[in-house]
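Remarks on the structure that follows.
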Amino acid sequence: MTAVEKKIVLDNVDMLSLLGMNDSNLKIVEDRFNASITVRGENVFIKGVIEEVEGIEKIFKEMAYVLNTSGKLTGDDVVTILNLTIEGKVIIDEQEYDSIVLYTKHDVIKARTSGQRKYVEAATKNDICFAIGPAGTGKTYLAVALAISSLKKGLVKRIILARPAVEAGESLGFLPGDFREKIDPYLKPLYDALDDMLPSEKLRSYLEKGIIEIVPLAYMRGRTLNNAFVILDEAQNATAMQMKMFLTRLGANSRAIVTGDITQIDLPPKQVSGLVQARDILSNIKGVSFVYFDRSDVVRHRLVKDIIDAYDKFNGNNK
């Protein structure tokens, strides 16, 4: 039979714990298959007949899943995973594999609802993806995870995260400090997401080198962004002109995710939201996708769903 070769990238996985002391976990896997397994950094290269290659890929993914969700991986765990895989049983099913966006040191970031799964699929298949829905549905968090995953896989060379600096009931002028200090609170949710997904020293290095940029939307004007993963967060507060400006920044080999909640527009009453207008103008363009979330996709505290429902009922009764 013809041998095939496959590379698996296990980003943000503690490879020492995965492979075991003196590669003991790796040897358990190698002893059960004829295929060759070579590990270089976070990359695992498998060469052999296709059935074995696919089986070993699945085993390594399940090993990484167990390690990142439980914090440890023993030799007994590896033997159990091997036996279940060989018997055709699984720890996590194929749909759950497909929903995994990023491995972090402490967890596995994955799509947890049907809406989130549609979101990940749409963002992967299209160069521009709009994610519209209420707070707590993971729009921004998953977008950042997708961006980091693309960076680690070498699909892009940098990440740009932007937010409009629109005053939501507060005035920038009354905040202390210079402009950068005034604007940072608007960008804090993006820093929080990155901090969850990257080690502190790695994040600091990426920011210092400009591999990751977090900027107010206005700073995007006049730029052409090549080989970049670009995210516009809180896009309901971008004006129509700003939205067009943002979307036309994309250069070669770049992709964008635009997130927002059209029920929380903080623009002046007569100002048209760029997100609302884009939904009306761009919905039929190939390569542009729109994903809509509802309360069933809320993954924050259980009360968030009830709060959204209460506000929806209140607004419905007061129209």
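When the dipole is taken about the Cα centre of the chain, and only Lys, Arg (+1) and Asp, Glu (-1) are charged at their Cβ, what size is it in debye, to the nearest 20?
The calculated dipole for the chain is roughly 1060 debye.
What does the convex hull of the Cα atoms of the chain come to per residue, in Å³, rounded to a whole number?
Residue-normalised Cα hull volume stands at 172 Å³.
Could you compute the net charge surrounding LEU225? Neighbours are other residues with a C-beta less than 14 Å from the C-beta of LEU225; K and R count +1, D and E count -1.
Value of the local net charge: +4.
Where does the chain land at 222 nm, in deg cm²/dmol rounded to the nearest 500, when only DSSP H runs of n ≥ 4 count, each adding -39500 (n - 2.57), divided by all residues?
Counting only the DSSP helices, I get -13500 deg cm²/dmol.
Using the Kirkwood formula over every pair of different C-alpha atoms, what hydrodynamic radius in Å results for segment 1-82?
12.6 Å
For each pair in LYS153/LYS209; LYS125/LYS286; LYS6/LYS118; LYS110/LYS152; LYS7/LYS27, compute the distance between the two Cα atoms and list the pairs where it is over 20 Å.
Check vs 20 Å cut-off fails for LYS6/LYS118.
Among DSSP beta bridges lying fully in the chain, give the percent that are antiparallel, nearest 5.
Around 40 percent antiparallel, to the nearest 5.
Set Lys and Arg Cβ to +1 and Asp and Glu Cβ to -1, take the dipole of segment 18-162 about its Cα centre, and tell me which of ALA147, SER99, ILE46 lies farthest positive.
Towards the positive end, the residue furthest out is ALA147.
Seen from all sides and averaged, what is the projected area of the convex hull of the Cα atoms in segment 177-296, in nm²?
Result: 9.6 nm².
No value in this document is a laboratory result; all are computed from the given coordinates. Note that the structure is a prediction, hence the values are computed from the model and not measured. Reconstructed Cβ throughout: ideal geometry from the backbone, glycine too, with neighbour counts over all protein chains shown.
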